[in-house]
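Data first, discussion second: the structure below is written as structure tokens.
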Amino acid sequence: MNPAPNLVLVGPMGSGKSSIGRRLAERFGLAFFDADREIEAQAGASIATIFECAGEADFRAREQVVLAGLLAGEGAVIATGGGAVLDARTRQLLRERGFVVHLHVDVEQQLARLARDRSRPLLAGDDRENVLRRLAEVRDPLYDDIADLRFDTAAMGAADTAAKLGHLLDAQWQMAATAGAAHP
Ligand code: S3P
């Protein structure tokens with residue numbers, strides 16, 4: 001049993017962090033936060049607009065602040081954006097404040113799941129496959145470095161994945177109360 005005050009999902013775009021996270025929160029009776037949506041709410045702008053008007057570095061700074069805030073609380077399931085692990089401070093906080101699950105998905109699956117998506121600025125160009133492969137090269141070791149559990153979502157749907165993962169978490173994750181504030 002691995003104690004941690006929050007359950008955190010990391011992994012690449014299209015790995016199902018939000019849909020699986022929402023289901024896991026329901027299963028465990030916890031609050032659910034999607035870091036991307038929190039960033040948008042705080043900025044009053046979409047991620048695409050933040051990237052376009054302020055640039056990726058500005059987005060990453062916002063992402064770091066939002067995740068630090070979410071991780072200061074406890075009793076939440078938190079879905080992170082695919083690039084959240086690029087920041088060393090965030091990685092440290094994830095280690096300290098989360099039971100971290102790396103949702104793994106291969107590039108072919110990502111391409112299929114994201115085929116109709118037009119909201120992700122990093123996938124706005126023509127060669128999505130190449131972009132996803134390059135991102136995976138850099139990020140996969142970072143996901144694995146901080147993960148307490150690696151879970152391959154393979155060809156499963158969100159409901160099946162959440163059910164199977166929930167079962168594993170029953171045995172592996174113990175929600176630990178700390179001095180952090182409970183999420184509202
Ligand atoms: C990003 C992933 C996105 C979002 C932003 C950047 C990335 O989140 O944070 O578009 O760098 O991989 P999802 O992983 O939820 O798609």
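The values are calculated or read from the model by the stated rules, or taken from the named source; none is laboratory data. These figures come from a predicted structure and were not determined experimentally. Note that each Cβ is placed from the backbone with ideal geometry, even for glycine, and that neighbours are counted across all protein chains shown. Side chains included, ligands, DNA and RNA excluded: accessible areas come from the protein's heavy atoms. Shrake-Rupley method; radii C 1.70, N 1.55, O 1.52, S 1.80 Å.
Residues that are closer than 21 Å to Asp117 by Cβ, in a helix (DSSP H, G or I) and within 13 Å of the ligand (Cβ to nearest atom) within the stretch 45-61 comprise Ile47, Ala48, Thr49, Ile50, Phe51, Glu52, Glu56, Phe59, Arg60, listed in sequence order.
When you look at Arg22, is it of a type in the set (Lys, Arg), within 15 Å of the ligand (Cβ to nearest atom) and more than 16 Å from Arg150 (Cβ to Cβ), yes or no? In short, yes.
If you go through the stretch 40-50 one residue at a time, do you hit one that is within 16 Å of the chain's Cα centre (by Cα) and either of a type in the set (D, E, K, R) or closer than 25 Å to Ala158 by Cα (or both)? Yes - at least one qualifying residue is present in the stretch 40-50. Consider the stretch 25-44 and keep the residues that are within 14 Å of the ligand (Cβ to nearest atom) and in contact with a strand residue (DSSP E or B) (Cβ under 7 Å, 6 or more places away or on another chain). The one that is most open to solvent (accessible area, probe 1.4 Å) is Phe32. The number of residues in the stretch 136-177 being touching a residue at least 12 places away in the same chain (Cβ under 8 Å), more than 15 Å from His102 (Cα to Cα) and not small (Gly, Ala, Ser) comes to 2. Check whether at least one residue in the stretch 121-137 is within 23 Å of Glu63 (Cβ to Cβ) and outside any helix (DSSP H, G or I), and report yes or no. Yes: one or more hits. Looking across the stretch 83-104, just one residue is within 13 Å of the ligand (Cβ to nearest atom), open to solvent by 10 Å² or more (accessible area, probe 1.4 Å) and either assigned to a loop (DSSP other than H, G, I, E, B) or polar (S, T, N, Q) (or both), and that is Asp87.
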